[in-house]
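First the structure, in the form of C-alpha cells, and then the observations on it.
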2 protein chains.
Amino acid sequence: MMGRRLCGERFVATYLIEGPADEAAAWASKIAVEQSVELPTQLIEDAWIREEIIGRVEGIASVAPALHQARISFASELAGGELTQLLNVLFGNTSLKPNVRLVDFELPPVLAGTFRGPRFGLPGLRDRLGVHDRPFLVTAIKPMGLPPEALAELAAQFARGGIDIVKDDHGLADQPFCRFSDRVVAVARAVEQVNREAGTACVYAPNVTAAPLVAHKRARLAKSAGAGALLLSPGLAGWDTLRMLADDDDLALPIICHPAFLAIRGAYSHRVLYGRLPRLAGADATIFPSYGGRFAFTAEECRDLCAGALEPMAGLRSCVPLPAGGITLERLPGQLAFYGADTGLLIGGDLLFHGDVASTCRRCRDLIAPV
Amino acid sequence: MMGRRLCGERFVATYLIEGPADEAAAWASKIAVEQSVELPTQLIEDAWIREEIIGRVEGIASVAPALHQARISFASELAGGELTQLLNVLFGNTSLKPNVRLVDFELPPVLAGTFRGPRFGLPGLRDRLGVHDRPFLVTAIKPMGLPPEALAELAAQFARGGIDIVKDDHGLADQPFCRFSDRVVAVARAVEQVNREAGTACVYAPNVTAAPLVAHKRARLAKSAGAGALLLSPGLAGWDTLRMLADDDDLALPIICHPAFLAIRGAYSHRVLYGRLPRLAGADATIFPSYGGRFAFTAEECRDLCAGALEPMAGLRSCVPLPAGGITLERLPGQLAFYGADTGLLIGGDLLFHGDVASTCRRCRDLIAPV
C-alpha cells in the first residue's frame, strides 16, 4: 500500500516521569504505546504497525532517585501534518496521568516545515518597531470598565512616554460597557495621533481573543483601524485560532500570546507550554509572569521558558519573551540584567503609581537604555 | 452612559485555595481583583468600576486546616456573551497560580441563555439510539496504522455485536496511511450495512478534531457519509470549535468530547474540566478515564465529574458521562453498579481479547442488560 511508505523522519518527545527507578522503563513503554496505538501490543498482529506506528523509546536517563527522563520518537506521519494531531501524539492521553511531564520536543525538517511559525520573530519585530539595542517596553491599558475614550487617553499617555507596545488588558473583550470596535478605533486613533505629533513609534495590540471566526473578524477590523499588532490567548481561543491569525498573509501582523487559562501545574515544562507551543502556532511574542512578582514562576522556570522561545527550533523564527506580572520600576534593572536585551519588559499597574504617566514611562525608557 | 447599566445578574465561581487560614481572605480578594480589573484597587478612582466591575467575595469557608473555599461573583456583563471571556473571568490568570483550583461555577439565566449547550443530552441520545433502560455500550476502532478497510471490518463486527456507538480512536486523524475521507466513508458504509442487514442501530462517531475550519469541513463530510455522531477533543481543537459544531443546525449531530490534552493536575475539579466545560460548549457526551483503570482518577473524582455532566445546570441539557480507559468485561458489572444506567460504558481493547469480537460484544450487552 502506498500509504505505508513512511518518510523516515521522526519527531521526539521528552518526558519526565516520577516514580521508582525499576518502573521507569515500563512507564516509557506505556507512554510510547498510549501516544500511538493505544492498545495492548499483544493485540497487534501487523508487523508494520508494531515497527513503524508504535512510539519508540530512544533512551531513558535518571535525573534524580525517583525522576527519569525518557525520549520517545514517533514517525512524522503520525501527526498527519496537523497541529492538533501533533499535540495529541506528544501528550494527548498522557497529559491525564499525574506523574508524567512533557518537557521538550524536537521536530524534523519536513514536519517542522508544515508550520510557518512566527512571521516576524525577534529581528522582524525589532525592524518593525525600530528598537534595536534594548528590550521592548510594553504595557497594557486597563482596568476593565473604563470606556473607550478613557482607555484611548491612557494609551496616548503611554505612547507619549515612549512605550513600544500598548496592548489591551486581556480582560478587554467586547463587553457592553466597552465594545471591541469602539475601543479599537478610539485607541488606535489616539496612538496614531501621538506617533504623528511626537514622532514616536508606538504600536497598539488589541485583544482579539474570541471564537475562531470572531477572532479573525476582529483581527481584520483591528488592522483596518490601524492596530500594529494583535493579542490572543490560545488557552481560551485554541492553538489553531492563533495559527489562523498568524498565517493570514492579508493580516500579516505580529501576534502576542497571552497565557490566560494555560495552567501548567507540573504537566509541562515552561519551555514547552509558554515557549515552544506559542512559537509553533505562530506567536511573535509570549507573555508570562516573571519570577519574583505576584505569580509563583521561579527564575529557573523563566530561563527555561526563554530557551523555548528563543533557542533554535527546527528553523522557526524566534518568539520574543515578554515577562510581566508585577514588574515595577524598581525591579526593572534587575529584570533587564536577567533577561538581557532580547526581550520585552511588560510593566502594568506600576506605571500609574508615580504621578504623570508619560514621565513615568520615560523613566522606564531611561532605566533600560543601553549604556 | 448607557453601557454602564448592568442587568444585575452575576455569575459565581467557587475556588479552593491552599494556604494558611489567616491568608484565605486576602487570597479571595486577590482572585476577585485578578480576574476582573487586574490592577491594584487603590489605583481605581471610578466608583462604578470599584462597585460593579471588581469581583465580589461572597463567602469563604474552611474545608480543612490549610484549605479554604471562596465563592466570588462577577457581573454577567464581564463575560461579554462569549465563552472565551467567560472562561477568562472564571480562571484566566488565576489558573497560573499553583494553589488555587476552580471547583465549580454557576451561571444566572440570561448568561446561561447565551449558550445552547448539548443539543441532545441524555434523553435526546436515548431517543436517537433507541436505548432506554441501560447504559450505552461504546467502543473505538483502532489501532492507528490500520487501513480504512480493516477499520471498517472491525466496526462491522462491533455493530453486529450490538455496540451502540463505535467511535474513531482519538488518534485517527488524516494521516497518509489512513485518510479521513477514506476511513469515514468506509466505516460509515460498513456500519450502515450491518444495521440494514442485522436490524442493529449502531452509530459511528468519526474523530473530526482539527483546526476550526477543517474540523467543520470534516464534520460535514462525516454527516454526508452517514456518520451518526462526531468525536472532538477540545483540549486540542479549542472549546469554541466544539461549540461551532454543536451549534450548527445543518449538522445537528450528537458530539462526543474526548479529554486529550486536558491535563487537570489540581487546577480544576473534575466536575468543571470534564463535566461542566464540555457541556457548556455543547458536548452531548464526555469521555473520561474511569477509576481503577490505567489512569489515576479516583472513584470520588469520577462521581464529581458525573455530577457536573448530569446535575441541573442553568437549564442546559445533560451531557452523558462515558467512562473509559481500561474497562474490561470483568469490570463491567462493577462499573454499571457505580455509574448506573445514565451513562455510556466505553470498552476498548478488551473487546479484542476474547476471540470472536461480535460474540464478545454480545456478552457485554448481556452483562449490562436491565434485570
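The values are calculated or read from the model by the stated rules, or taken from the named source; none is laboratory data. If you're wondering where the values come from, they're calculated on a predicted model, not measured in any experiment. Quick reminder, even Gly has a Cβ in these numbers, built from the backbone with ideal geometry, and neighbours come from all protein chains shown. Note: accessible area is taken over every heavy atom of the protein model, side chains too, but ligands, DNA and RNA are not part of it. Shrake-Rupley method; radii C 1.70, N 1.55, O 1.52, S 1.80 Å.
Counted by Cβ distance under 12 Å from A:Asp356, the other residues give a net charge of +3, where Lys and Arg count +1 and Asp and Glu count -1. Averaging the sequence gap over all C-alpha pairs within less than 8 Å and six or more residues apart, then dividing by the number of residues, gives the range A:243-371 a relative contact order of 20 percent. In this label model, A:His354 and B:Ala252 are separated by 6.3 nm, measuring between points 7 Å along each Cα→Cβ vector. In order along the range B:212-218, phi translates into HN-Hα couplings of x, 6, 5, 4, 5, 5, 5 Hz, rounded to whole numbers, per the Karplus curve 6.51 cos²θ - 1.76 cosθ + 1.60 with θ = phi - 60° and x for Gly and Pro. Shown in residue order for the range A:252-264 are the 3J(HN,Hα) couplings computed by the Karplus curve 6.51 cos²θ - 1.76 cosθ + 1.60 at θ = phi - 60°: 6, 10, x, 10, 9, 8, 9, x, 3, 6, 9, 4, 9 Hz (x for Gly and Pro).
The spacing between the range B:23-54 and the range B:228-244, judged by their C-alpha centroids, is 34 Å. In chain B, what percentage of the DSSP-assigned beta bridges are antiparallel, given to the nearest 5? Percentage antiparallel, nearest 5: 50. Inter-label distance, B:Lys30 to A:Ala66: 2.8 nm, where each label sits 7 Å from its Cα along the C-beta direction. With 0.36 nm allotted per residue and the present C-alpha distance subtracted, the B:Leu329-B:Arg196 stretch has 45.1 nm of extension available. Considering only alpha-carbon pairs that sit under 8 angstrom and 6 or more positions apart, the relative contact order computed for chain A is 16 percent. Applying the criteria of a DSSP loop state and at most 10 other Cβ atoms within 10 Å to the GluC sites (Glu not before Pro) of the range B:1-63 yields B:Glu45.
Principal-axis analysis of the Cα atoms of chain B puts helix B:357-368 at an angle of about 50° to the longest axis. Here is the interface size for B with A: some 6700 Å² of accessible area buried, both sides summed, with a 1.4 Å probe. Given R0 = 56 Å, the distance between the Cβ atoms of A:Thr41 and B:Glu23 translates into a calculated FRET efficiency of 0.65.
Working note: Cα atoms of the range B:1-69, range along each principal axis, descending, whole Å: 46, 26, 13.
Please say if chain A is rounded, prolate or oblate, where rounded means a/c under 1.5 for a ≥ b ≥ c the square roots of the C-alpha gyration tensor eigenvalues, and otherwise the choice is prolate for a/b larger than b/c and oblate otherwise?
prolate
When both bridge partners sit in the range A:159-306, DSSP labels roughly 10% of those beta bridges antiparallel. Among the residues of A:171-184, the average count of other protein chain beta-carbon atoms within 10 Å of the residue beta-carbon is 5.
Under 5 Å from the amide H of B:Ser233 lie the amide H atoms of B:Thr209, B:His258, each residue being 5 or more positions distant or on a separate chain, with H modelled from the backbone and absent for Pro and chain starts. Partners of A:Lys30 within straight-line reach, counting aspartates and glutamates whose Cα lies under 12 Å from its Cα and excluding those fewer than 8 residues away in the same chain: A:Glu38.
Accessible surface area normalised per residue over the range A:59-100 is 25 Å², counting heavy atoms of protein chains with a 1.4 Å rolling probe. Other residues whose C-beta falls under 15 angstrom from the C-beta of A:Asp174 contribute a net charge of -1, scoring Lys and Arg +1 and Asp and Glu -1. The mean of 1/r over all distinct Cα pairs in the range B:212-270, once inverted, gives the Kirkwood hydrodynamic radius of 12.1 Å. Contact residues in the range B:201-219 (at least 30 Å² less accessible area with all protein chains than alone, 1.4 Å probe): B:Ala211, B:Pro212, B:Leu213.
In this label model, B:Ala341 and B:Arg220 are separated by 4.0 nm, measuring between points 7 Å along each Cα→Cβ vector. Divided by 2.2 N^0.38 Å, where N counts the residues, the Cα radius of gyration of the range A:70-185 comes to 1.56. Shown in residue order for the range B:155-169 are the 3J(HN,Hα) couplings computed by the Karplus curve 6.51 cos²θ - 1.76 cosθ + 1.60 at θ = phi - 60°: 4, 4, 5, 4, 4, 4, x, x, 5, 7, 10, 9, 9, 5, 4 Hz (x for Gly and Pro). Mean residue ellipticity, 222 nm, helices only, chain A: the sum of -39500 (n - 2.57) across DSSP H runs of n ≥ 4, divided by residue count and rounded to 500, is -10500 deg cm²/dmol.
At full extension, A:Asp182 and A:Leu6 could sit 58.1 nm farther apart than now, given 0.36 nm per residue minus the alpha carbon distance.
Residues whose amide H lies under 5 Å from that of A:Leu67, counting only those 5 or more places away or on a different chain, are A:Gly19; hydrogens are built 1.01 Å from N in the peptide plane. The dipole here belongs to the protein assembly as shown: it is taken about the Cα centre, uses +1 on the Cβ of Lys and Arg and -1 on the Cβ of Asp and Glu, and is about 580 debye. The residues of the range A:213-366 have, on average, 31 Å² of accessible surface per residue, using a 1.4 Å probe with all protein chains present. Using the Cβ of B:Gln157 as centre and a radius below 12 Å, the other residues enclosed give a net charge of 0, where K and R count +1 and D and E count -1. Our summary gives the range A:36-179 a relative contact order of 14 percent, counting only alpha carbon pairs under 8 angstrom and 6 or more residues apart. For the range B:244-371, the share of accessible area belonging to carbon and sulfur comes to 53 percent (1.4 Å probe, ligands and nucleic acids excluded). Legend: residues in the range B:36-76 shielded by at least 40 square angstrom of accessible surface upon adding the remaining protein chains to the isolated chain (1.4 Å probe, heavy atoms) are B:Glu38, B:Leu39, B:Leu43, B:Ile49. DSSP bridge analysis restricted to the protein assembly as shown gives an antiparallel fraction near 50%, rounded to the nearest 5.
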